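Comments concern the structure below.
All of the numbers you see were taken from the coordinates with simple rules; none came from a lab. Keep in mind that what you see is a predicted model, and the values were worked out from it rather than measured. Cβ atoms come from the backbone with ideal geometry, glycine included; neighbour counts cover every protein chain shown.
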Amino acid sequence: MSIFSANKKFERFEDVTPEFLEKEGIKLLLCDLDNTLRLHSEKEPADELAEWIEDCKKAGITIMIVSNNGRKKMMQKFCEPIGVDCVWWAGKPISKKLTEARESRGFKPEETAMLGDKITTDVWAAKFAGIKVYKVEHRKYVV
Ligand SMILES: [Mg+2]
């Protein structure tokens, strides 16, 4: 498979269901933040994000946010109410932080996937880390 292509493409993160992840054998989902789980401008987690994370947790899937965003306090404030750990300044497409996040939770590469919107950061970092990657479209306002 090409380094440019994701294992599967989705429109929005909500389309990546716990059922799909279970079928894929994924137990840890590393998620990009900006334009994947939120619009860049969103200060607080949207209801649909909180619900999706809750559903994943109920299915026994661990969610972690791995972002190139360097605003540590903003990220911690965003992630706290949804109860997920976050890694800031991840330096994607370098895969180091993805692998560190995975190993810190004791998951194997084949149990881990990355979810993101950008090929040159999220997709490449996942490829270098030897994990699956699912791509979503840049998040848009839902009317
Ligand atoms: Mg992004």
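Tell me, what is the percent relative contact order of the range 8-135, built from C-alpha pairs under 8 Å that lie six or more residues apart?
It rounds to 29 percent for the range 8-135.
Just how large is the dipole of the range 8-135 about the Cα centre, in debye to the nearest 20, putting +1 at every Lys and Arg Cβ and -1 at every Asp and Glu Cβ? Present the calculation step by step, with values, prior to reporting the outcome.
Numbers: 23 positive and 23 negative charges, 139 e Å.
Taking the Cα centre of the range 8-135 as origin, the dipole is about 660 debye.
When the helix-only estimate is applied to the chain (DSSP H runs of n ≥ 4, each -39,500 (n - 2.57), divided by the residue count), what is the mean residue ellipticity at 222 nm, nearest 500 deg cm²/dmol?
Dividing the helical sum by the residues of the chain leaves -8000 deg cm²/dmol.
Assuming a ≥ b ≥ c are the square roots of the Cα gyration tensor eigenvalues, decide whether the range 86-134 counts as rounded (a/c under 1.5), prolate (otherwise, with a/b larger than b/c) or oblate.
The shape class here is oblate.
Calculate the spin-label point distance for F10 paired with S104, positioning each point 7 Å from the Cα along the beta-carbon direction, and give it in nanometres.
For S104 paired with F10, the spin-label model returns 2.3 nm.
Too long at a 27 Å Cα-Cα cut-off: which of K58/K135; K43/K140; K9/K72? Let's see the in-between values first.
Values: K58/K135 23 Å; K43/K140 15 Å; K9/K72 29 Å.
From the list (K58/K135; K43/K140; K9/K72), the Cα-Cα distance tops 27 Å for K9/K72.
If you take the square roots of the eigenvalues of the alpha-carbon gyration tensor of the range 8-135 and sort them as a ≥ b ≥ c, do you get rounded (a/c under 1.5), prolate (a/b over b/c) or oblate? Mind dumping the intermediate values first?
Details: a/c = 1.36, a/b = 1.07, b/c = 1.26.
Rounded shape, in that the Cα axes give a/c under 1.5.
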